[in-house]
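Okay, so here's the structure we're looking at.
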Amino acid sequence: MALYVYSAAFFTVIALWKWSSGRKSKLPLPPGPPKLPLVGNLFRMPSTFEWETYMKWSQTCDSDIIHLNVAGTSIIVLSSAEAANDLLEKRSSIYSDRARVPMVDELMGWDFALGQSLQTRRWHRRLFHQAFNATAVRSYRPKERAATHELLRRLLRDPDNVMEHLRHMAGEIIMSVAYGINVLPQNDPFIKLAKDAVHTLAIASIPGRFLVDTFPALKYVPEWFPGAGFKRTAKEWRKLARAMVDSPFAEAKRNIAAGSAPTSFVSVFLSKIDGADDKEQQEQSVKAVAGNMYTGGADTTVSALGTLFLAMLANPEAQKKAQMEIDSVVGAGRLPNFDDEDSLPYVSALVKEVLRWRSVTPIAIPHFLSIDDEYKGYRLPAGSIVIPNAWAILHDATVYPDPYTFNPDRFLLDGKPNPAVRSPDAAFGFGRRVCPGRHMARASVFIAAVSVLATFDITKAVGEDGQVLEPTYEYFSGLVSMPLPFKCSIKPRSQRSVELIRATLDDIY
Ligand code: HEM
């Protein structure tokens, strides 16, 4: 009897499995460019500015969801806000993982990084949220303002090195917010360390750069083995990643112990650690989250502000309008402040347009689909890498007419914010993985933009032959898309501007 029951149960399970897999296999994959046997789209994959190619493919297929196969790896690209919202937001429980990259996560030791690690790091995200939610970030305003004033002084002293000054500003904010460390004006060791470590991450994150990411078993090859150079490289780079996380944290702890530490994320959250058994674990989490701040916040903020300068060169009219608005609201007696934002709709629209015009992270950070799914009559296989094409979403001509033109007015109606026009939130990603630093990022970009526009005129540089140097508006193609070095002329708008900037040296924050 028991045998009959077991057999019946066995055949029922098999039948159900066949039915469900049969049902699934009947659904087609989303459309996409033609695939070759075995290698799929491997040989047609773009190596740079992939978001532009994905957008073209999506248009050719007339579908906002396309499928690619790169030598067996399934990739789904979403090119509309609707598709990104339907999947990454509404079904976030299955679309919020990240693909594992053995070189970065395992060999280089970046598994502490939020962007890399698996969903089990939810606790870190919660910690990040507590420290960087819309209310909490208001406490960082004095630090952002101080770093902005330092930026103004640097631009006044040395107007030829814009990108370097922006880098210094972003690093200054993060080191101060995360660790309470006041960075040195030049060659700060903590910024240098973080920069070097993030550079190795950028190299290792280039798809196909290391064979071990395609064949993970290679990670077991011993270092001395011929061809195992990647393991020796990983060992060196791992030291950098460790030092980037450990050394500023140790400095912050030393300052806290000496009673000389300014308030920071580390000082606040270490003081909240309770006496529970996992004390050590809690401290490691605080350290890991602090270590994520430079990784997530430095290049991104620099890219957005670099775009601001390029946008002012591309559209001098926008610059004039912003300056007129600032002059009428703020006047000539002081520098702008955060409280001015609501009275500066044009400047706020200009900041939105900066984030839309040239996306900082054109494909966000790709997500990972953990179980099989279906959408719009298509089969979406478990284990797919899901790429939200933020670039396509932010250049959707039905939402943003004439999308390649820099035009802050698109966000306004009768001089006020137009709620009917979608904010460029896609710049900060989607669903549960949306950028946890976005409130701080917006605040930093706003205060820097409004302060620079209040005090400087940004115009095209003029060469020695008297000819205007037309910028190329070229970008580095990477996970963070960064303006390539460009020349421009930065001059104080008036003697009063110079005085206001110099007076910031007396500020007490
Ligand atoms: C203009 C500036 C910034 C932009 C455009 C930006 C954009 C993004 C995007 C698109 C993602 C991926 C979202 C997704 O997977 O869907 C992300 C993730 C992240 N960002 Fe930002 N970000 C900026 C600034 C910052 C700042 C200032 C911080 C920290 C203080 C930060 C910390 C992070 C972290 C830790 C992650 C990983 C989150 C996770 O994987 O769960 N970002 N950011």
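Here, each number is a calculation from the coordinates, and none is a lab measurement. Note that the structure is a prediction, hence the values are computed from the model and not measured. So basically every Cβ, Gly included, is an ideal-geometry build from the backbone, and we count neighbours across all protein chains shown.
Between Val399 and Glu164, the modelled label-to-label distance comes to 3.9 nm, taking each label 7 Å out from Cα in the direction of the beta carbon. When each of Ile76, Ile458 is scored by the number of other beta-carbon atoms lying within 10 Å, the sequence from fewest to most is Ile458, Ile76.
Here the calculated FRET efficiency for Leu484 and Asp274, from their Cβ-Cβ distance with R0 = 45 Å, stands at 0.40, rounded to the nearest 0.05.
For region 473-498, the residues whose backbone nitrogen is under 20 Å from a point 7 Å from the Cα of Arg209, taken along Cα to Cβ, are 475-485.
Every Cα-Cα pair of region 170-327 was included, and the share exceeding 22 Å stands at 58 percent. What pairs from Lys35/Lys231; Lys192/Lys253; Lys460/Lys491; Lys320/Lys460; Lys321/Lys352; Lys35/Lys376 go past 23 Å between their alpha carbons? Where the Cα-Cα span goes over 23 Å, the pairs concerned are Lys35/Lys231.
Ranking of Lys460, Lys231 by neighbouring Cβ atoms within 10 Å, starting from the fewest: Lys460, Lys231. Every helix of 4 or more DSSP H residues in the chain counts as -39500 (n - 2.57), and over all residues that averages to -15500 deg cm²/dmol at 222 nm. Here is the tail figure for region 329-406: Cα pairs spaced more than 21 Å apart come to 54 percent of all pairs.
For region 174-252, the convex hull spanned by the alpha carbon atoms encloses 114 Å³ per residue.
Here the label points at Ala250 and Ala217, each 7 Å from Cα along the C-beta direction, are separated by 4.0 nm in the simple model. Charged neighbours of Asp299, selected by a Cβ distance under 10 Å, balance to +2 (K, R count +1; D, E count -1).
Gain on full extension, evaluated as 0.36 nm per residue between Lys192 and Lys56 minus their Cα-Cα distance, stands at 45.1 nm.
If you plug the beta carbon distance of Ala71 and Phe476 into 1/(1 + (r/R0)^6) with R0 = 35 Å, you get a FRET efficiency near 0.85.
Take the Cα of Leu469, step 7 Å toward its Cβ, do the same at Arg432, and the gap between the two points is 4.9 nm.
Per the Cα gyration tensor, the chain maps to an equivalent ellipsoid with semi-axes of 42, 29, 22 Å, ordered largest to smallest. For region 347-453, the average shadow cast by the Cα convex hull is 8.1 nm², which is a quarter of the hull's surface. Compute the acute angle (0 to 90°) between the alpha-carbon long axis of helix 141-157 and the principal axis of greatest extent of the alpha-carbon atoms of the chain; round to the nearest 10°. Helix 141-157 and the main axis of the chain meet at about 60 degrees. If you take all other residues with their beta carbon under 12 Å from the beta carbon of Val212, and give Lys and Arg +1 and Asp and Glu -1, the sum is +1. With respect to the chain, whose longest principal axis is taken over its alpha-carbon atoms, helix 345-357 is tilted by about 40°.
Remark on region 89-248: ratio of C-alpha radius of gyration to 2.2 N^0.38 Å is 1.25. Distances between every pair of Cα atoms in region 404-509, grouped in 10 Å steps from 0 to the bin holding the largest one, split as 10, 25, 36, 25, 4, 0 percent. The angle separating the long axis of helix 162-179 from the principal Cα axis of greatest extent in the chain is about 70 degrees. Sorted ascending by nearby beta carbons within 10 Å, beginning with the fewest, Phe265, Phe406, Phe338 become Phe338, Phe406, Phe265.
Assign one of three labels to region 248-305, namely rounded, prolate or oblate, based on the Cα gyration tensor with a ≥ b ≥ c the square roots of its eigenvalues; rounded applies when a/c is under 1.5, prolate when it is not and a/b is larger than b/c, and oblate otherwise. Oblate, since a/c reaches 1.5 and b/c is not below a/b.
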